[in-house]
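The structure appears below as structure tokens.
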Amino acid sequence: MILTPKIVVRLILVGLFGVLLQLTFFSQIELFHVSPDILPALVVCLGLLGGSMTGAVSGFAIGFLLDCLLIQPLGGASLVLIAVGYAAGIFRERFEIHSRLVAPLLCALLTFAAELGFGAVEAMFGIDTEVSVLVLRDILIQSAFAFFLGWAIYVGLRRLVRPALVDEATVRRTRRPTVLGA
């Protein structure tokens, strides 16, 4: 991704809108007694579109903003979302994305890892919580939510940052009309 000032402003607005949407809308919705967490899926999609550096930086910024707004120990969400964004970016840099299922599957997998990471960070901070088998069920349901929301987030972000994507620009430049009979 080529980061121009306009694209950076778009990414900042996407991160701000994502955190506010999570805190005001998705935290109020409960399906199967679980609220969807869209932030790991958002960071995964940013990493898939922009690479490891964009994924890590957006993960840090979104996590830091989330920690600040929730008035909790700073750095927990940032640490987890940095890892998620970096992992998605590394996947983009090392492998070609040929299937439409890659983004939703990666969103589900990395959301599962992020939710486990959030629990581990809370345990390291000494936050006492009751742990039961239902936590694993909740994490699996959040991963399923991330699978279904991940595709929509990926498509929306791809349209939003289309001018900055390097792979589309090179494809457009290399296509030449073929002349039959020449």
- request: Using the structure shown, decide if Phe118 is modelled with pLDDT under 90, of a type in the set (Phe, Trp, Tyr), at negative phi and assigned to a helix (DSSP H, G or I).
  value: yes
query: Looking at Phe26, Phe32, Phe95, which one is among the aromatic types (Phe, Trp, Tyr) and either crowded, with 20+ Cβ neighbours inside 10 Å or over 21 Å from Ile139 (Cβ atoms) (or both)?
result: Phe95
query: Residue check: is Ala88 part of a helix (DSSP H, G or I), among the small types (Gly, Ala, Ser), closer than 18 Å to Ala152 by Cβ and modelled with pLDDT of 90 or more?
result: yes
query: Can you tell me which residues in the range 7-39 are charged (D, E, K, R) and without any contact (Cβ under 8 Å) to a residue 24 or more places away in the chain?
result: Glu30
statement: Filtering the range 62-107 down to residues that are among the small types (Gly, Ala, Ser) and within 12 Å of the chain's Cα centre (by Cα) yields Gly63, Ala83, Gly85, Ala87, Ala88, Gly89, Ala103
- request: Identify all residues within the range 46-71 that are without any contact (Cβ under 8 Å) to a residue 12 or more places away in the chain and either surrounded by 15 or more Cβ atoms within 10 Å (Cβ to Cβ) or within 18 Å of Gly150 (Cα to Cα) (or both); write none if there are none.
  value: Asp67
- request: Give the number of residues within the range 9-21 that are surrounded by 12 or more Cβ atoms within 10 Å (Cβ to Cβ) and closer than 21 Å to Gly89 by Cβ.
  value: 8
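The values are calculated or read from the model by the stated rules, or taken from the named source; none is laboratory data. The model shown is predicted, which means the values in this text are computed figures rather than measured ones. Glycine also receives a Cβ, built like all others from the backbone with ideal geometry; neighbour counts cover every protein chain displayed.
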